[in-house]
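Below is one structure, written out as structure tokens, with a few remarks after it.
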Amino acid sequence: MNKKIKIGIIAIVLIVLIGGSTYLLLNKKEASNVKEPDEQIRIEPTKKDENDKEETGNIDSKNRKSLVVYFSVPETDDPNKEMTTEEENSTIVVDGKVLGNTEYVAMLIGEYTDSPIYRIEPKIPYTTNHTDLVSLAKEEQNKNTRPEIRNKISNFDEFDTIYVGYPIWWSDMPQIMYTFFELYDFTGKTVIPFSTHGGSGLAGTVNTIKGKLKETTVETNAFTMSRNDMESAPKEVKSWLEDLGIIN
Ligand SMILES: Cc1cc2nc3c(=O)[nH]c(=O)nc-3n(C[C@H](O)[C@H](O)[C@H](O)COP(=O)(O)O)c2cc1C
């Protein structure tokens, strides 16, 4: 073989090898961008009663272990104060307790499906000052940050259905949700998204989640509710879960 051709072949092989390893390294770097939380937390799956199974016929009582995960930032926790419009928008008062909108939906899903609930808490708590929160959220989105989560569920692999809830921030999920999705292995699990919003609906977030979790069943009939309709959450959440065939 001509010397020039030989050198050419070697050069091509080297380019492919170097290119491939750089690609792998970069991808690995992206996956390891998320910092492991120092704290671990164990969440007890709900023990299903054998008799319940036959009586209710609910999907969730048929050996499925489900978990409700949510992120929510109620902008006040004081039910007795005169709330600003922003504080009112981000909260609902239930039985004298101030809840975030997404927190309330999570609570209802937990109740109806008899699932434990885990709240995603940032290592550095978010400000409850609306203006500051809005600009911080924008900055995080622009920089595509992965805000750290305070603790990690040590027995995540024990759950097979994960309801995942978040408010819409700047027409997307809050960046901390990206941290959440990158922190765990969702292979083989079912993810059922739910959100609350101020007018944007799901804002394409279900497709974003699908794009991130390639080996996961992501329910496209996700739940979304405007912050202005929170009073009807019990009825709406129930009828959505019935539509999905999860409760009857
Ligand atoms: C930083 C920030 C950005 C927001 N961006 C949007 C948005 O782009 N579209 C929308 O419909 N609502 C937006 N909202 C409104 C929230 O989605 C809505 O109030 C939600 O119910 C809050 O849920 P939470 O109380 O569980 O945190 C935004 C709220 C905040 C605080």
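Observations on the structure shown:
- Total residues in the range 128-155, condition surrounded by 15 or more Cβ atoms within 10 Å (Cβ to Cβ), touching a residue at least 40 places away in the same chain (Cβ under 8 Å) and more than 16 Å from the chain's Cα centre (by Cα): 3
- Among residues that are buried (at least 16 other Cβ atoms within 10 Å of the Cβ) and either out of contact with any strand residue (DSSP E or B) (no Cβ under 9 Å at 6 or more places or on another chain) or among the β-branched types (Val, Ile, Thr) (or both), Leu99 is not included.
- Considering residues of the range 139-181 that are among the small types (Gly, Ala, Ser) and out of contact with any helix residue (DSSP H, G or I) (no Cβ under 6 Å at 6 or more places or on another chain) only, the residue nearest to the ligand (Cβ to nearest atom): Ser171
- Being at pLDDT 95 or above and away from the ligand (no atom under 16 Å from the Cβ) is a property that does not hold for Leu108.
- Restricting the range 188-207 to residues that are part of a loop (DSSP other than H, G, I, E, B) and either surrounded by 19 or more Cβ atoms within 10 Å (Cβ to Cβ) or among the hydrophobic types (A, V, I, L, M, F, W, C) (or both), the residue that is nearest to the ligand (Cβ to nearest atom) is Ala203.
- For the range 223-245, the criterion of being within 16 Å of the ligand (Cβ to nearest atom), under 17 Å from the mean Cα position of the chain (by Cα), assigned to a loop (DSSP other than H, G, I, E, B) and hydroxyl-bearing (Ser, Thr, Tyr) is met by none of the residues.
The values are calculated or read from the model by the stated rules, or taken from the named source; none is laboratory data. Just so you know, these numbers come straight off a predicted model, no measurement behind them. Here Cβ is always computed from backbone atoms with ideal geometry, including for glycine, and neighbour counts include all displayed protein chains.
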